[in-house]
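The structure under discussion appears below in the form of C-alpha cells.
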Amino acid sequence: MTNIELKIKQLYEKSPSARRILDAIKLEASSLDRTVNIMNFCGTHEWTITHYGIRSLMPDNIKLIAGPGCPVCITPGYYVDLLAKLSLEGYHVLTYGDSFKLPGSRARSPRSLYEAKMYGGKVTVVYGFHDAIEISLRNRGEEFIFFGVGFETTMPSTAIPLRDGSVPKNLAILSAYRLTPPVMKYLLEKHPEARIDGVIAPGHVSSVIGWRSWLFLPEEYRIPTVVAGFEPLDVLLAILAILRMLNKREPSLVNEYKRVVKPDGNQHAKDAMWRVYKVVDAYWRGIDVIPGSGATHSNEYRKYDFFEKYRLEEKITEDKLPGCRCPEVTLGLATPLDCPLFMKTCTPSHPYGPCMVSVEGTCRIWAENIPVLKRDAIKDSSS
C-alpha cells in the first residue's frame with residue numbers, strides 16, 4: 001500500500017461519511033455527460049486535495065484544478081531585486097519565511113533575499129508584522145523595510161498597527177498585497193480556455209472579506225461556487241455541492257464553512273484595511289496588470305510606504321524565468337507535471353521558480369505530496 005493509499009484509508013476509517021459523500025459525488029458525476037473542471041482557489045485547499053489523494057478518488061469526468069491561491073508565487077520579481085540590492089547597501093529587510101527564497105527577475109546572484117543574506121545583506125526572517133515592529137523599536141538608529149506579501153488574510157496584520165499608531169518611523173512597508181476576487185474575474189475574462197465550471201472559494205480569505213465577495217461568480221458568470229474549509233470532508237462536500245448545482249442548472253453560492261465565514265466577513269479587519277490602504281491596479285508576476293487587484297497606502301499613511309519614503313519608482317520588469325511555467329500553473333492552465341523543470345532543475349531544496357518556493361505553491365505541494373492523478377486508489381477501504 002502506497003503512502004497516498006494509506007492516507008485515504010485512514011480518512012475513511014476516521015470518518016465513514018467520506019465514503020458516503022464520495023458515492024454521492026460519483027452519482028452526480030454520472031449524470032453529467034461532459035468533463036467538469038472545478039478550480040480550488042486556495043493553496044491550502046490544494047494541499048488537502050493532493051495530500052489526501054482526493055484527485056485519485058474523483059470520477060473520470062471530474063477534474064480538480066489548482067488556482068491562483070499562492071500570494072508569494074505572484075509577487076513581482078522586481079520587489080525581490082530591489083530589496084536584495086538595498087539589503088546589501090545597509091538597509092535591513094524583514095521578510096516572512098515564505099518570501100525568503102523567492103527568486104527575483106535576474107539570472108545572476110543574488111537571486112533572492114536568502115542569497116543576499118549569504119552575500120552579507122541585512123535580512124531577517126520574521127513570523128509576523130508584530131515582530132517587525134519589535135525589532136524596529138529595539139533598533140531606533142537603523143532603517144527597516146518590511147516585505148508585506150499576502151492576500152486579504154494578511155493585510156489586517158499591518159493595517160491595524162498602522163491605524164493605531166504603533167508603527168515606528170524607522171519601519172517602512174513594501175505593500176505587495178494582492179486582492180483575490182479581481183484575479184478570478186481576470187481569469188474568467190482573459191483565459192476562457194481554462195473552462196472553469198465550478199469554484200471552491202478560499203476559506204481563510206473569505207473569513208476576512210465575507211462570502212458575499214464571491215457572489216459575482218454565480219450571478220455574473222453562472223459558476224457554482226462553494227466557500228469551503230480545509231478538512232478533507234470540507235473539500236468533498238464542496239465538490240458534491242458544485243456537482244448538484246450543475247445538474248440542477250442552478251448556480252449559486254454555498255457557504256460550507258459556516259463555522260468561520262460570515263456574509264460580510266470580519267468588519268473590524270476590513271475597516272482597518274480600507275482606512276490604511278486603497279485599491280489600485282497591480283502586477284501579478286508573469287501574468288499581467290490586473291485592475292483593482294492591489295493595495296497601496298492611502299494618503300494618511302503614505303509616510304510608511306516604502307516607495308514613497310525612499311522616493312523609488314515601482315516598475316514592471318520581465319520576471320518570468322526561462323523554462324519556468326509558474327504563470328500557467330498559477331492560472332490553472334498547466335500542472336507542475338507540464339513543466340520540464342519540475343523535480344529536475346526545480347526542487348523544494350533548490351527552487352528555481354516561485355511556485356516551488358512557498359508552501360502554498362502548487363509545485364511545492366505536488367513535490368512534497370507526489371499526487372496520484374487518476375487511478376482506482378482504494379477499491380475497498382478495509383483492505
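The figures follow:
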{"item": "Within-13-Å neighbourhood charge of residue 110 [Cβ basis; K, R +1; D, E -1]", "result": "+4"}
{"item": "Debye log10 I(q)/I(0) for the chain, one point scatterer per Cα, at q = 0.08 Å⁻¹", "result": "-0.42"}
{"item": "Radius 13 Å from Cβ of residue 41, net charge of other residues (Lys, Arg +1; Asp, Glu -1)", "result": "-1"}
{"item": "Rg/Rh ratio calculated on Cα atoms of region 212-307 (Kirkwood radius)", "result": "1.09"}
{"item": "By average C-beta atoms within 10 angstrom, highest first, the peptides 64-76, 236-248", "result": "64-76, 236-248"}
{"item": "DSSP bridge pairs, the chain: antiparallel proportion in percent, nearest 5", "result": "20 percent"}
{"item": "9 Å beta-carbon shell around residue 121, net charge (K/R +1, D/E -1)", "result": "+1"}
{"item": "Tilt relative to the chain, helix 129-138 - C-alpha long axis, 0 to 90 degrees, to 10", "result": "20 degrees"}
{"item": "GNM result for the chain, Cα springs below 10 Å: residue of 336, 161, 16 fluctuating most strongly", "result": "16"}
{"item": "Region 238-379: Rg to Rh, with Rh as the Kirkwood radius over Cα pairs", "result": "1.05"}
{"item": "For region 94-223: rounded, prolate or oblate by the Cα gyration tensor [a/c cutoff 1.5]", "result": "oblate"}
{"item": "Ratio of Rg to Rh over region 94-170 (Cα coordinates, Kirkwood Rh, two decimals)", "result": "1.00"}
{"item": "Region 23-94 and region 293-330: distance between their alpha carbon centers, rounded to Å", "result": "21 Å"}
{"item": "CD proxy at 222 nm, helix term only [per DSSP H run n ≥ 4: -39500 (n - 2.57); per residue of the chain; nearest 500]", "result": "-10500 deg cm²/dmol"}
{"item": "No Cys partner within the rule (Cβ under 4.7 Å), the chain", "result": "42, 324, 339, 346"}
{"item": "Cα radius of gyration and Dmax for region 16-145 (Å)", "result": "22.0, 68"}
{"item": "DSSP-assigned coil residues among chymotrypsin sites (Phe, Trp or Tyr not before Pro) in region 86-174, each with at most 13 further Cβ atoms within 10 Å", "result": "119, 127"}
{"item": "Gaussian network model of the chain, Cα within-10 Å springs - most flexible of 136, 31, 207", "result": "31"}
{"item": "Protection proxy ranking of 192-201, 304-313 - average other beta-carbon atoms within 10 Å, highest first", "result": "192-201, 304-313"}
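Laboratory data are not the source of any read-out in this text; all were calculated from the coordinates shown. On a predicted model such as this, the values are computed, not experimentally measured, just so you know. Neighbour counts are summed over all protein chains in view; Cβ atoms, including those assigned to glycine, are modelled from backbone coordinates with ideal geometry.
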